[in-house]
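Structure first, commentary second.
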Amino acid sequence: MKINLISNKEFNENINYRKSVFSYVFDNENFEYNNKLICNEYIKKIIKKELFYNKLKYKNIILYDINDLKLDNLIIIKCINNLEFDDYEYKILIKKFINILIDTNINECSCLLTLIPVINRDYNWKIRITTKIIKDNIYKFDRFKKDNIKINIKKINLILSDDNDFEYLNNILNEINIITDAINLTKNLSNLPSNICNPLYISEKCKELSLNNRDILYENIDKKKMESLGMNAYLSVSMGSNNPIMSILKYNGCKNNFKNPIVLIGKGITFDTGGISLKNSYNMDEMKFDMCGAASVYGIIYAINKLKLNINVIGILSLSENLIDKKSYRPGDIVKTMSGKTVEIINTDAEGRLILCDSITYSYKFNPSIIIDIATLTGACIISLGNNFSGLISNNDFESNEIIVASNEIDDKVWRLPLIKDNQNQINSNIADIKNLGDGKCGTITAACFLFNFIKKNSIWIHLDIAGTAYDENKKSTGRPVYLLTQFLINKSKNIR
Ligand code: BES
Ligand code: ZN
Ligand code: MN
């Protein structure tokens, strides 16, 4: 499927763009269109009849064979609005558009909806959001179905006002195409069931990524190496499955200097039963998504390599499985982490923080400028922030703001939660240095507090809890926060601050 950017002038002059046209009409009787094609008297008349005497929300009218306009068909979406849209309304409209396109089985169309003004947003934003929504909606995961889902869309022309810099916007389109490819890779990996997608499978994918791209290096830390490094918290979680692998992807985009890398650490529990602190079986199938943090690290490394960003990034995929076995770790166990701190395991279902704490300690070997961990860490995050916002917790205001700036640019939402010393009391243990469970209040903050114990003084740390955003209510991966962090890294590679 190809998306093209076409100027309004070109669209009006060239009848090749008129096969199927999607346009809009506002529900006031004001026919101020941005495009003269739709201002045809005949069409105006029909719109009046169909839309205004028939007060339906989002009524579509489809006109076939409008000969004098050389139009095969025209699909008009009625907008309950006046003149200017906000972000939300625009996104709903584009969703509506792409779903009609899928339903009607049209394979080539021109879309005039991009001409609608959106408050405080430019064409740069509209192109990225439109492309993202189109790609999200035509994405399918049907490799386990006998019959493939057929979507016929071959070409979508987005019509833009003439005064745009088309060279610049085509670069933006290239960029978003790479990012949506990366998002789809993350979705594909995340949607796989755990009987296929285990730590070995993901590590092989990483190896493959490195073999196909010479700027990406790959390294594996296996169980033996973890033992010699003293990564006992990571190893404890892995006792029931015996298959831990920490995969490392190094992207060296800063050719001429050895700038300290940004380290991304992704939680990669390919299935989380809870261990001996067994989960309830209701919706336990969702725990195949407990590797979405790692899958997004994979997608981000793919994206920044294809974008050739001038930046150094190290991706760490902390892969393991939290299973039940006679060898499984137990509540009450005390383990010594790689940092030297001891942890009392109160609940084996709080396993994410245990693999992450050793991964964080390991990451200091790279002298990171920023450590970013990405994890489906707490159910509490879904309770507090729902499915729209990823939880952001950090010890650094500046970088938190940079994340929030990127988030607002590309609509991959985050909300910052506080990190205060007071919460540390919750995880003080009577017999070890800390314990892996708090008193049940503010679980997302407690989990971050636990991780903060492993962050060294003066280092910058960003924690993203994606439990509510990594997959949706249909149990499909969203590919979040690939776009957020790729945009953050794009911005970093441009600023020299
Ligand atoms: N992977 C879960 C968190 C999770 C829950 C992600 C639901 C997505 C949807 C994590 O390992 C976990 O089990 N967390 C526990 C922590 C608790 C035992 C402190 C939780 O949130 O219940
Ligand atoms: Zn988990
Ligand atoms: Mn768990």
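The values are calculated or read from the model by the stated rules, or taken from the named source; none is laboratory data. This is a predicted model, so every value here is computed, not measured. For neighbour counting, all protein chains shown are included, and Cβ atoms are generated from backbone atoms with ideal geometry for every residue, glycine included. Only protein heavy atoms, including side chains, enter the accessible area calculation; ligands, DNA and RNA are left aside. Shrake-Rupley method; radii C 1.70, N 1.55, O 1.52, S 1.80 Å.
From the set of residues in the stretch 277-301 that are open to solvent by 10 Å² or more (accessible area, probe 1.4 Å) and within 20 Å of S359 (Cβ to Cβ), which is nearest to ligand 3 (Cβ to nearest atom)? The residue in question is M287.
Residues in the stretch 441-454 that are under 23 Å from F389 (Cβ atoms) and either touching a residue at least 40 places away in the same chain (Cβ under 8 Å) or assigned to a helix (DSSP H, G or I) (or both): C442, G443, T444, I445, T446, A447, A448, C449, F450, L451, F452. Scanning the stretch 434-444 for residues that are among the β-branched types (V, I, T) and either within 16 Å of ligand 2 (Cβ to nearest atom) or open to solvent by 20 Å² or more (accessible area, probe 1.4 Å) (or both) yields a count of 1. Looking at K207, is it in the same structural domain as T486 (by TED's automatic domain parsing) and farther than 28 Å from D349 by Cα? Criteria met by K207. The residues of the stretch 195-228 that are more than 28 Å from M338 (Cα to Cα) and assigned to a loop (DSSP other than H, G, I, E, B), listed by number, are N195, I196, N213, R214, D215. The single residue among I431, I334, I346 that is open to solvent by 10 Å² or more (accessible area, probe 1.4 Å), out of contact with any His (no Cβ under 9 Å at 6 or more places or on another chain) and within 16 Å of ligand 3 (Cβ to nearest atom) turns out to be I346. The strands (runs of 3 or more DSSP E) found wholly in the stretch 340-433 and carrying at least 3 residues that are within 16 Å of ligand 2 (Cβ to nearest atom) occupy 370-375.
Of the residues in the stretch 265-276, none is basic (K, R), within 16 Å of ligand 3 (Cβ to nearest atom) and open to solvent by 10 Å² or more (accessible area, probe 1.4 Å).
Being out of contact with any His (no Cβ under 8 Å at 6 or more places or on another chain) and surrounded by 19 or more Cβ atoms within 10 Å (Cβ to Cβ) is a property that S394 lacks.
Among residues of the stretch 411-439 that are under 13 Å from S394 (Cα atoms) and not assigned by TED's automatic domain parsing to the domain that holds D87, those with a Cβ under 8 angstrom from a residue that is of a type in the set (S, T, Y) and within 16 Å of ligand 3 (Cβ to nearest atom), sequence gap 6+ or separate chain, pair up as L417/T444. If we only count strands (runs of 3 or more DSSP E) wholly inside the stretch 229-338, which ones have 1 or more residues that are modelled with pLDDT of 95 or more and within 18 Å of C206 (Cα to Cα)? Result: 245-252, 262-272, 312-322.
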